[in-house]
Each structure stands twice: as structure tokens, then as C-alpha cells.
Amino acid sequence: MKKLVAVLAAGLSFAAVASVQAQTFPDRNITVVVPFAAGGPTDTVTRLVAEAMSKDLGQQVIVENVGGAGGTLGAGRVADADPDGYTLLLHHIGMATSATLYRKLSYDTLNAFDYIGLVTEVPMTLVARKDLEPTDLKSLVEYAKTNKDTVTVANAGIGAASHLCGMMFMSAIDTSLVTVPYKGTGPAMTDLLGGQVDIMCDQTTNTTSQIKSGKIKAYGVTSKTPVPSLPNLPVLANAGLPNFEVGVWHGLYAPKGTPKATVDTLSNALRAALRDPNVAKRFNDLGTEPSPTSQATPEALRTHLKQQIDLWGPIIKKAGAFAD
Ligand code: ASP
């Protein structure tokens with residue numbers, strides 16, 4: 001009987017704490033972990049959304065970069081954080097691909113998080129250092145095949161979108177190139193600009209301004225249709241790499257066990273951020289757009305993540321590309 005009373009009391013006090021938290025949340029700064037280095041595309045998207053969410057929530061939403069291991073270190077950090085809504089994760093398609101790519105993760109991808117909503121889907125671009133010889137996709141493919149032992153491809157580690165896209169490129173041209181991992185494509189871009197690495201496949205949110213100013217070369221986009229902010233870039237799937245399509249979708253997550261009312265508050269703030277015309281304008285300038293508000297919901301993100309794990313899992317298994 002005593003035990004029953006203790007259990008009921010614990011349950012009641014937990015419910016009371018959750019309801020007090022729901023009424024006062026947020027009463028301090030919120031941290032969003034970006035699982036890649038500062039200055040890269042995931043960081044850029046997160047900072048734009050965080051700034052707009054801060055306005056809606058009336059508290060600062062701060063970005064913390066936890067790069068390494070293709071995004072899995074940052075995701076693991078958030079999976080282990082207190083489920084109180086004050087530590088969140090903004091991750092991309094790598095959340096789905098890592099679930100199969102890694103033999104062992106410190107978290108269970110589908111069950112370690114609560115879902116807040118989809119944020120955006122960003123096309124990728126195949127780019128190279130400015131002085132790399134080939135000027136179009138056809139000559140790039142020939143060049144890569146001829147120089148396969150020396151052509152270097154930057155990526156943000158196994159599980160990153162740049163890794164996935166780089167693997168797709170190598171598989172499409174049936175040639176292995178030398179990969180160079182970074183903690184994010186922010187630092188990788190610095191090396192591409194400096195000529196220390198040859199090629200990269202990265203989100204338009206990191207490459208658009210460098211392409212426009214002619215500081216790097218670009219061979220095409222991974223979307224189905226041309227990207228309005230880069231109208232001259234060919235669609236890779238139509239330019240010699242059939243089916244070479246990938247969209248880097250991003251989602252916002254909280255640790256599993258976050259009170260539902262807190263998740264709802266965060267999800268409402270995300271939708272408000274995505275409706276903000278300044279966010280839409282900045283996203284458009286960077287070659288992307290905010291997810292429709294119907295997709296910026298917990299249900300839509302959970303469904304999408306599950307579908308993407310189911311889509312990429314067999315492809316990765318077939319390629320046998322696993323990491324420890
Ligand atoms: N674009 C990177 C990737 O390849 C990550 C980043 O630095 O945002 O996934």
C-alpha cells in the first residue's frame with residue numbers, strides 16, 4: 001500500500017512538474033545543437049530559424065556546433081540531454097542515413113527523440129576549386145576517371161549529406177576517388193576556396209554565394225528542376241548522371257520524453273519562423289525554401305524520417321558502405 005502511495009505521489013509530482021514547466025516554458029535560453037562545424041549549410045539554416053524562433057518564444061535560441069562523425073556526435077549529445085525543451089537538435093537527411101551506415105550508434109534513431117517538425121529541403125551542388133581544369137560535367141567525369149588516385153573529394157564525415165552525394169557521384173561514374181573528411185562543410189569550403197581540396201558536393205545554402213561570385217566552379221544541381229537562384233546550373237540528372245537526385249531535408253528534434261505541451265510550443269514557434277517573410281527571403285537567396293507549415297509538425301517529421309530510413313537503408317546495405 002505504502003509503495004502504491006509512493007508511486008502515485010511520484011506520478012502526481014511528475015505531472016505537476018510537467019504542467020508547471022508547460023506553463024512557464026521557455027523561461028531561459030534554448031540551445032539548438034548543429035551536428036556540424038560553424039559556418040556550414042546546416043549551421044546557416046539553423047541560425048536563420050533560431051533567430052526567428054527567438055522572436056516567437058521571447059527567449060534567445062542559441063546555436064551550439066557539435067561536429068564530428070558525420071553528425072552522429074551532435075545527435076548523440078541531444079539524445080542524452082534532459083528532455084525539457086532547452087536542448088534541441090537540427091539535423092538533416094544524415095539522421096536517416098546514419099541509422100544504417102553506422103553499425104553502432106549511441107542512440108536509437110527513431111525512438112531517442114521527440115519530433116518538432118520539418119524545416120527545409122535543400123538541393124545540393126557539385127562544385128570544385130576554381131582552377132580545377134574541367135569546365136563542364138562531361139569533362140569532370142573524364143578528368144576524375146583519369147586522375148582517380150589524386151582527385152580529392154571533401155565531405156563532412158560518414159553520414160553527412162556531402163558524404164552521401166560524393167558516394168553517389170563515385171558510384172554514378174563507377175570510380176573511387178580520395179575522400180577527405182571534415183567536421184562540416186564550412187571548413188571544407190575554406191579548403192576548397194584555398195585550393196587544398198578538389199571537389200565537393202554540398203548544399204546550395206553553402207555554395208550559392210561562392211558560385212555566384214566565381215570563387216568556385218559548379219557543374220550542376222541535384223534537384224529535379226533548376227534552382228531559381230542558380231538558373232544557369234544544369235540539373236545533374238539530365239546532364240549525364242541519370243537519377244542523380246537528392247534533397248537534403250532538415251528536421252528539428254528534442255530528446256525523447258519532452259512534455260507534449262513543450263513540444264507543441266516549439267513546433268508552433270518553428271511554424272511561425274518558417275512563415276516569417278525574412279526567413280523565406282533568406283532561404284530563397286540561398287537556393288531553398290521553408291518547408292510548408294503542414295510539414296513543420298511532429299507527425300510529418302516522424303513519418304518522413306521513417307520513410308527515409310526505409311528508403312536509404314537497402315541502398316546503403318547493397319553498397320556495403322558501413323562505418324564503426
Ligand atoms: N553540408 C554538410 C553535410 O555534408 C554538413 C554541414 O556542415 O552543414 O552534411
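The values are calculated or read from the model by the stated rules, or taken from the named source; none is laboratory data. What you see is a predicted model; the values in this text were computed from it and never measured. Note that each Cβ is placed from the backbone with ideal geometry, even for glycine, and that neighbours are counted across all protein chains shown. To get the accessible areas, we keep the full protein, side chains included, count just its heavy atoms, and leave off ligands, DNA and RNA. Shrake-Rupley method; radii C 1.70, N 1.55, O 1.52, S 1.80 Å.
Once you have a ≥ b ≥ c as the square roots of the Cα gyration tensor eigenvalues for the stretch 214-324, tell me rounded if a/c is under 1.5, and otherwise prolate or oblate according to whether a/b is larger than b/c.
oblate
Tell me, what % of the accessible area of the chain is carbon and sulfur with a 1.4 angstrom probe?
54
Along Cα→Cβ, 7 Å out, is where each label goes; now give me the distance between the ones at Lys224 and Arg275 in nm to one decimal.
It is 2.7 nm.
If one takes the longest principal axis of the Cα atoms in the chain, at what angle in degrees, from 0 to 90 and to the nearest 10, does the Cα axis of helix 137-146 lie?
80
Under 1.5 on a/c is rounded, so check that first for the stretch 209-276, then, if it is not, pick prolate when a/b is larger than b/c and oblate when it is not; a ≥ b ≥ c are the square roots of the alpha carbon gyration tensor eigenvalues.
It comes out prolate by the Cα gyration axes.
Kindly report, to the nearest 10 Å², the accessible surface of Tyr86 as traced by a 1.4 Å probe over protein heavy atoms only.
We get 20 Å² for Tyr86.
Can you give the net charge of the other residues whose Cβ lies under 14 Å from the Cβ of Ala50, counting K and R as +1 and D and E as -1?
Summing Lys/Arg as +1 and Asp/Glu as -1 gives -2.
Please enumerate, by chain and number, the aspartates and glutamates with C-alpha under 19 Å from the C-alpha of Lys306, excluding those fewer than 8 residues away in the same chain.
Answer for Lys306, where 19 Å is the Cα cut-off: Asp108, Asp114, Glu121, listed by chain and number.
Per residue, how large is the accessible surface of the chain? Use a 1.4 angstrom probe and give square angstrom.
Solvent-accessible surface per residue comes out at 44 Å².
Cβ under 12 Å from Thr288's Cβ, Thr288 left aside: what net charge do those residues give with Lys, Arg +1 and Asp, Glu -1?
-1
Would you tally the net charge around Gly214, using a Cβ to Cβ cut-off of less than 15 Å, leaving Gly214 out, and scoring K and R as +1, D and E as -1?
Spelling it out: positives minus negatives among the neighbours equals +4.
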